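Working notes, beginning with the structure itself.
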Amino acid sequence: MIINKNQKILKAFNYAGIKDFLIPNINLLISDYNLKYYIEPFIGSGAIFYNINKSFNRYIINDLDKNIFLMHNAIKKYSYEEYKNKVNYVRSF
């Protein structure tokens, strides 16, 4: 696998502990397996989650930081305007 260091990584926002550099290796590792579940215990910015090259039957994401978890729920559930309101709420802390 050729790693393009200039490739744009999709993520919700920048976050400490970023795992961008792991994306190519994770995609390579999971490509050979028939996996049904994707479990992300510490989603952070979502760098891995939003850049996996495989589909799963079920996705389970979590984070110890409640605001991070709420942000990803907003991305999933709300319109753009509602999402912006959630972002502004989190930024108010």
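Within the range 1-54, restricting attention to residues that are among the hydroxyl-bearing types (S, T, Y) and surrounded by fewer than 11 Cβ atoms within 10 Å (Cβ to Cβ), which residue is modelled with the highest pLDDT? Result: Y37. Residues that are among the β-branched types (V, I, T) and either open to solvent by 90 Å² or more (accessible area, probe 1.4 Å) or at pLDDT 75 or above (or both) within the range 75-89 comprise just one, I75.
The values are calculated or read from the model by the stated rules, or taken from the named source; none is laboratory data. Worth saying up front: this structure is predicted, and the values here are computed from it rather than measured. When we count neighbours, we look across all protein chains shown, and the Cβ atoms used for this are built from the backbone with ideal geometry, even at glycine. We work out accessible area using only protein heavy atoms, side chains counted, and drop any ligands, DNA or RNA first. Shrake-Rupley method; radii C 1.70, N 1.55, O 1.52, S 1.80 Å.
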